[in-house]
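Working notes for the structure below.
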Amino acid sequence: MRKSILILVLYTTLFSFEQIHITKLLEEDECQNCDFREANLSGLDLSGCELQNSNFKNANLSHTNFFMADLEKSNFENAKLDGAVFWKANLSGSNLSSISAIKTNFKGANLNNTIIKNSNFNSSISWKANFKNAKIQNTDFTKSELGSANFYNNDLRNSSLNSAILWKTIFHNTKLTKKQYEYINIEEGIIK
Amino acid sequence: MRILLSIIFSFLTLLATPISKDIDFINIYKDVKNTEKITLMIYTTKSCPQCAYMKQKVFKDKFIKNILDEHFSILQKDVQVDELPDGFKYFGIPTIFFIDKDANKLGEFIGSCRAKEFSHKLKEIIKKAKN
């Protein structure tokens, strides 16, 4: 019995967040290099917070407000971001793999050098978002609002842009399928 | 930062006047052909791509344009330049307010969408105005 409890405690310690980091974040509006794995931060107002190099793996961040937050080089692997706000947030160098970002607001967000693999951006609002050098693979941008967004040095061939708004979206040095190429032209996107 | 924004917002709210006294709103209904129309007031800025999409693409869609011409008068407010009327707060831009000639708010729409979806919103507002 004691052995089982010990294993459970060790497991919890190894794979979940540090409560002290959540307390620091809520009190000081900043927590760099912090551990928020598995944490439930859903619905919190974290606008303008300094959260660089933090770990949000498996966290619940749905409807959380990260307006203008600095989240550079953070890990969001497998996190739930549905309805969250990352308006003008800095996510550069972050890992956004296997995330659910349905109806998430990335307006004007910096997503440069991010890793976006097997993720769901369905119906996201990503006007003027910057995806320069992002490693995008097998990601669903269906019905996303990507107007005036900037794709530079990306490979979108195995991702979906179906029904996405691509008005004045810039695709510079981006690998596309023929079907995507035709759709971008219909949508008045800009291919360079 | 949040405190500063709250102070600025509270200060601007104190300065605001009701839409019924807004000079642009008054001018719309001075024109006889607009008396039965609904005012579509859009909050915008010069650097807002979503606003540009709504104004340059959606409002100019053939089907939408016909509805707008027949039932609506458009009033634009640049949130960084113009004085905004009291009672018409916004969180993000574009925000579109629908107002009847008696200055009653009939509804609002935040963000952007395709013409087809916007046509449903317009029809809903027209129906509401008639009731």
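Based on the Cα atoms of the protein assembly as shown, what semi-axes does the equivalent ellipsoid have, where each is the square root of 5 times one gyration tensor eigenvalue, given in whole Å with the largest first?
41, 26, 16
Along the Cα→Cβ direction, 7 angstrom out, place labels at A:Lys135 and B:Phe63. What is the inter-label distance in nm?
4.3 nm
Label chain A by shape, choosing from rounded, prolate and oblate, from the square roots a ≥ b ≥ c of the eigenvalues of the Cα gyration tensor; if a/c is under 1.5 it is rounded, and otherwise prolate applies when a/b is larger than b/c, oblate when it is not.
Working: a/c = 2.60, a/b = 1.95, b/c = 1.33.
Prolate, since a/c reaches 1.5 and a/b exceeds b/c.
Counting other beta carbons within 10 Å of each Cβ, put A:Val85, B:Val32, B:Val79 in order, fewest first.
With the fewest neighbours first, A:Val85, B:Val32, B:Val79 line up as B:Val32, B:Val79, A:Val85.
So if I place +1 on the C-beta of Lys and Arg and -1 on the C-beta of Asp and Glu, and nothing else carries charge, what would the dipole magnitude of the protein assembly as shown be about its Cα centre? I want it in debye, nearest 20.
Numbers: 43 positive and 35 negative charges, 242 e Å.
Computed charge dipole of the protein assembly as shown: roughly 1160 debye.
Cut-off under 14 Å on the C-alpha distance; same-chain residues fewer than 8 positions from A:Lys57 excluded. Which aspartates and glutamates are left, in chain and number order?
A:Glu18, A:Asp35, A:Glu38, A:Glu77
Which shape class, rounded, prolate or oblate, goes with segment A:85-145 when its Cα gyration tensor gives a ≥ b ≥ c as root eigenvalues, a/c under 1.5 marks rounded, and past that a/b bigger than b/c marks prolate? Intermediate values should be presented prior to the final figure.
Values: a/c = 1.62, a/b = 1.01, b/c = 1.60.
Oblate, because a/c is 1.5 or more while a/b does not exceed b/c.
Given a Förster radius of 41 Å and the C-beta distance between A:Thr177 and B:Lys21 as r, what FRET efficiency does 1/(1 + (r/R0)^6) yield to the nearest 0.05?
Values: r = 55 Å, r/R0 = 1.35.
It comes to 0.15.
Select from A:Ala109, A:Asn60, A:Phe141 the residue farthest towards the positive end of the dipole of the protein assembly as shown; place +1 on Cβ of Lys and Arg, -1 on Cβ of Asp and Glu, and compute about the Cα centre.
A:Phe141
Would you work out the charge dipole size for segment B:29-107 about its Cα centre, treating the Cβ of every Lys and Arg as +1 and the Cβ of every Asp and Glu as -1, and quote it to the nearest 20 debye?
Values: 13 positive and 11 negative charges, 64 e Å.
Approximately 300 debye in magnitude.
Testing the spin-label approximation: label points 7 Å from Cα along Cα→Cβ at B:Asn34 and B:Lys46. State their distance in nm.
Distance between label points: 2.4 nm.
May I ask which residue of A:His172, A:Leu46, A:Val85 lies farthest towards the positive end of the charge dipole of chain A, with charges of +1 (Lys, Arg) and -1 (Asp, Glu) on Cβ and the Cα centre as origin?
A:His172
Compute the long axis of helix B:115-130 from its Cα atoms, compare it with the longest principal axis of the Cα atoms of chain B, and write down the angle in degrees, 0 to 90, nearest 10.
Tilt of helix B:115-130: around 90 degrees.
At a 10 Å Cβ-Cβ cut-off, how would you order A:Ile165, A:Ile184, B:Ile67, fewest neighbours first? Before the final figure, lay out the partial values.
Details: A:Ile165 26, A:Ile184 21, B:Ile67 17.
Arranged by neighbour count, lowest to highest, A:Ile165, A:Ile184, B:Ile67 become B:Ile67, A:Ile184, A:Ile165.
What is the calculated FRET efficiency for A:Ile191 to A:Glu18, with r their C-beta to C-beta distance and R₀ = 56 Å, to the nearest 0.05?
That pair, A:Ile191 with A:Glu18, gives E of 0.75.
Of B:Cys51, B:Ile74, B:Thr17, whose Cα points farthest to the positive end of the dipole of segment B:2-130 (charges on the beta-carbon: +1 Lys, Arg; -1 Asp, Glu; origin at the Cα centre)?
B:Cys51
Where a ≥ b ≥ c are the square roots of the eigenvalues of the C-alpha gyration tensor, would you call segment B:2-130 rounded, which needs a/c under 1.5, or, failing that, prolate if a/b is larger than b/c, or oblate? Don't jump to the answer; show the numbers that get you there.
Numbers: a/c = 1.99, a/b = 1.30, b/c = 1.52.
Oblate.
Values quoted throughout were computed directly from the atomic coordinates according to the rules given, and no laboratory measurement underlies them. These numbers were taken from a predicted model, which means no experiment stands behind them. Positions of Cβ are generated from backbone atoms using ideal geometry, with glycine treated the same way; all protein chains shown enter the neighbour counts.
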